[in-house]
Amino acid sequence: MILFAGAITTPQILMLSGIGPAEHLRDVGSEIKDDLPGVGLNLQDHLEIYLQTECLKPISQVTLNNPIKKPSIGIQWMSTKKGLGSY
């Protein structure tokens with residue numbers, strides 16, 4: 001069985017089921033089914049910022065998906081810092 005409910009909820013579900021650090025499970029009065037000290041550790045929030053801008057020129061990146069043109073787009077950007085690779 002695979003259990004995943006997100007970075008916060010998955011450890012919570014595991015601990016409510018008796019899986020997690022035995023000392024913590026004892027402290028909260030849960031039955032210990034499996035002592036896994038790493039459950040619930042190293043949780044980090046990953047902030048996301050979405051940015052939208054309005055283009056003043058008509059720009060399309062459709063041509064960037066062409067594998068034949070990608071090397072020339074990269075070379076142009078590396079040599080002049082201009083072209084489709086700079087958008």
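Here are some notes:
- Options LEU43, LEU84; residue that is touching a helix residue (DSSP H, G or I) at 6+ places or on another chain (Cβ under 6 Å) and not polar (S, T, N, Q): LEU84
- Residue ID - nearest to GLN12 (Cα to Cα), chosen from residues in segment 30-57 that are of a type in the set (Val, Ile, Thr) and surrounded by 10 or more Cβ atoms within 10 Å (Cβ to Cβ): VAL39
- Matching helices (runs of 4 or more DSSP H) fully within the chain where at least 1 residues are at negative phi, among the basic types (Lys, Arg) and over 25 Å from the mean Cα position of the chain (by Cα): 22-27, 70-80
- Members of segment 12-40 that are at pLDDT below 90 and in contact with a strand residue (DSSP E or B) (Cβ under 7 Å, 6 or more places away or on another chain): GLY40
- Single match in SER79, SER60, SER86, SER72 (criterion: modelled with pLDDT of 90 or more and loosely packed, with under 14 Cβ neighbours inside 10 Å): SER79
The values are calculated or read from the model by the stated rules, or taken from the named source; none is laboratory data. Only a predicted model underlies this, so the values are computations on that prediction, with no experimental measurement involved. A quick note on method: Cβ atoms are made from the backbone with ideal geometry, for glycine too, and the neighbour counts reach across all protein chains shown.
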